[in-house]
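Below is one structure, written out as structure tokens; the observations come after it.
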Amino acid sequence: LQTMDIYLPADADNAPILFLIHGGAWQFGDKRATGLIKNKIDRWLKQGFIIVSANYRLVPEVDPVTQTNDLALALKTIQKQAVAWGGDADKCILLGHSAGAHLLALLTTNQAFSQQNSLRPWLGSLIIDSQVLDLVWLMQHKHVEFYDKAFGEQASYWQKASPINYVDANDLPMLVVCSTQRPYACDNSARFVDKVNDAGSKAELLKMDMT
């Protein structure tokens, strides 16, 4: 599961890199999922982007914090290999969906992952449809069962795995996308975005009337 697929455009030369992180309730999902990869290839590969789609180990084998470190290791590999692929390691954009969006938000806000893995800064993070930006709040309100399977019952772990707890002035830019059709999703996302901006970093909220 600690593998990645690399899609290379023709004649790549200092190409930007789009790194995709799949969702799946932290328990399933795959880097080859059609809904994740097909439209990105159709649009961005043709525009000269290198596209990387990575797997990571899953719950219950590992917990979400360990999954985040798997992704940090994947990004470290991407940055090391970028030149050999015809890419530019300083032009990475990260995109995570659902559970993958939570992991990306944690990777972006918790600087320890970057420090421990000697990561270079990337251009920004696209956080798409995550309700788990303030995990402590979520777990103390009505929620679906798979959150319990992923995050357990310990409030101390909820704190550790909650991206909003690590927000500071050193966060890389984020675009947070939420569905207005999902109850509370945009309220939670807005609270996260406000805290990022109040701390002195940059985040934008994009509300979509889509499932």
note = Along the range 16-25, Karplus-curve 3J(HN,Hα) (6.51, -1.76, 1.60; θ = phi - 60°) to the nearest Hz, with x for Gly and Pro, reads x, 10, 10, 9, 9, 10, 6, x, x, 6
inquiry  = Step by step: find N for the chain, compute 2.2 N^0.38 Å, then divide the Cα radius of gyration by it. What's the final number?
reply    = 0.97
inquiry  = If amide hydrogens are placed 1.01 Å from N in the peptide plane, which non-local residues have theirs closer than 5 Å to the one on M174?
reply    = S125, K202, A203, E204
task = Write down the accessible area per residue of the chain in Å², having rolled a 1.4 Å probe over the full set of protein chains.
result = 48 Å²
query = Which helices count as membrane-span-like in the chain under these terms: full DSSP H, at least 18 Å along the axis by C-alpha, Kyte-Doolittle mean of 0.0 or more?
reply = 64-85
ask   = Which entries in the list K46/K207; K76/K207; K91/K142; K160/K202; K38/K80; K38/K195 go over 29 Å, if you measure between the two C-alpha atoms of each?
value = K76/K207; K91/K142; K38/K195
19 Å reach of a label modelled at Q2, 7 Å along Cα-to-Cβ, counting backbone N of the range 47-73 = 53-73
ask   = Simple spin-label model, 7 Å along Cα-to-Cβ: D168 to T180 in nm?
value = 3.7 nm
note = As a percent rounded to 5, the proportion of antiparallel DSSP bridges among beta bridges in the chain is 15 percent
task = On the protein heavy atoms, probe 1.4 angstrom, tell me the percent of accessible surface of the range 82-156 carried by carbon and sulfur.
result = 52 percent
remark   = For the range 1-118, percent of DSSP beta bridges that are antiparallel (nearest 5) comes out at 25 percent
ask   = What ³J(HN,Hα) values, in whole Hz, does the Karplus curve 6.51 cos²θ - 1.76 cosθ + 1.60 give for the range 120-136 when θ = phi - 60°, with x put for Gly and Pro?
value = 7, x, 10, 5, x, 10, 9, 10, 10, 6, 10, 9, 9, 9, 10, 5, 4
task = Show that you can apply the helix-only estimate: for the chain, add -39,500 (n - 2.57) for every DSSP H stretch of four or more residues, divide by all residues, and state [θ] at 222 nm to the nearest 500.
result = -11000 deg cm²/dmol
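The values are calculated or read from the model by the stated rules, or taken from the named source; none is laboratory data. Quick caveat, the model's predicted, so the values are computed rather than measured. Cβ: placed from backbone, ideal geometry, glycine included. Neighbour counts: every protein chain shown. To get the accessible areas, we keep the full protein, side chains included, count just its heavy atoms, and leave off ligands, DNA and RNA. Shrake-Rupley method; radii C 1.70, N 1.55, O 1.52, S 1.80 Å.
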